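Bear in mind these aren't lab numbers, they're just calculated from the coordinates by the rules spelled out. Note that the structure is predicted; figures quoted are calculated from it, not measured. Note that each Cβ is placed from the backbone with ideal geometry, even for glycine, and that neighbours are counted across all protein chains shown.
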Amino acid sequence: MGNRTHKSSGDLLRMLAMPAIEPSRQIQRILAIERDVVLPVKLVLVVFLFFAVFQAEWFLHLGVPMFVSEFVRKILTSFFVAYLGLSLVTAALIAVARRLPLKTLRVTVVAGCLLDNLLVACLAYLTDGFDSSLFWIFLGLVVRNALSMPLMVPQLFLQVITNVCFLGAGLLVMWEAAADQHNLTLDVQNAVDVSGIEPEEPTDAAARIILLTLTTACCYGVQVLFERQRLVENEGREFLLRNEQVKTAGRLAAEIAHQIKNPLAIINNTAWSLQRSLKDTNPTASQQLGIIREEVERSDRIVTELMGYAQLAEGKVEKLDVTEELDLAIDSVFPPGAGFEAQIHRQYDPHLPTLLMQRGHLREVFANLLKNAREANRAQGQIHVQARQANDDTVVVTVADEGPGIAADKLEQIFEAYYTTKTKGTGLGLAIVRNNMELYGGSARAESELGKGARFILRFPARTVLK
């Protein structure tokens, strides 16, 4: 029962989680809202507040004792000066947003939203709290938070702060009203019967709090639905594009392989006929022809591997689970009954993004790296396989062995076609790994020191079109 409850809560959290949004799209939204909409509005607001605070001195007519008004004046003036300075700083940073790291830009937006919340809360406190007409600005701040900050945690943080600011301003006014009512009762209780007097309370406070909360929930929910729908549409386009480009690459590889295999077959047959006829009359020439046939057969095997792309072209792009494909590749390279002594250590992050790839391409990548690790370790030792999600939403897979390592000047050369240090190797394994990764906009690289093993690092873009 407990496991079922835990699973249900996990499914609910995943359903409510904000989908990953590309950094470029985050910057685009911030510029569209903060630079193009919020900054002009804040400019008008600053001009109005400057006149209200330093010229009109409207706070002197708040209906409170003069010393309180003087205190309010000092606090309001100081806060406004601080708000003006900090707003200028955030405006300058947003103006050069494209030159800033995304993290810095997000912090700037959060700071600006917090300042605006505090300012509106202060003004709401001075204008009747829950009954203040500035309540509608709080609704605007909720919408602004949702549009400017597409990430779940900072957005919910800002929404909570906005609701708390409105609630705090209203409760503070209610507390002061209750204190004033209590003092008034003490002053007149000997002269007038005030037992029937009730403190005046805002009649629509609860309704406004509920409306603000519902607006917050609706903004978040609509945004989650919108982003999920956008991802579905983008995935549909990526499926079509990747299928078409992979098939094109497969057809090209098949055509090239076919054009090469035919001449190789003719050369091999001709060499075999000559070798047979010269076997007795010219042994030396027959031996040389045998060498030619061996090289032709080796070339034919390489071309046959290239023709594998033609078979993959008949497949289709799918949504693949990284950890599931890794486990299948490990089981195929290290079958339980084969007697390999290697120890496989697996470290997978939970809830990794799915990959849009052909299953054959992904399995070929994993299988080649695991075979390399097995041969480097001579089928024993420890192999570490890790899959994690990076900060930019890419999926990073690492395969590390305890083999002899690779010289620094060979780390790039090992990915070149036909380069191999194995007596029976074709030199295409790592070349195919890099080709398959780059086909989907990913990358493959190696890190190693002689005598300390090697680490192969694959970086899969979770959402990108083919290069």
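Per-residue Cβ neighbour counts within 10 Å put T162, T215, T284, T398 in the sequence T284, T398, T215, T162, beginning with the fewest.
Taking amide H positions as modeled 1.01 Å from N, with prolines and chain starts lacking one, the residues under 5 Å from V317 and 5 or more places away or on another chain are N243.
What is the mean projected area of the alpha carbon convex hull for region 316-467, to one decimal in square nanometres? Could the numbers behind the result be given before it?
Values: hull surface 36.7 nm².
Mean orientational projected area (region 316-467, Cα hull): 9.2 nm².
Using the average count of surrounding beta-carbon atoms within 10 Å as a protection proxy, the listed peptides 140-151, 223-234 rank, highest first, as 140-151, 223-234. Taking amide H positions as modeled 1.01 Å from N, with prolines and chain starts lacking one, the residues under 5 Å from Q343 and 5 or more places away or on another chain are G381, Q382, I383.
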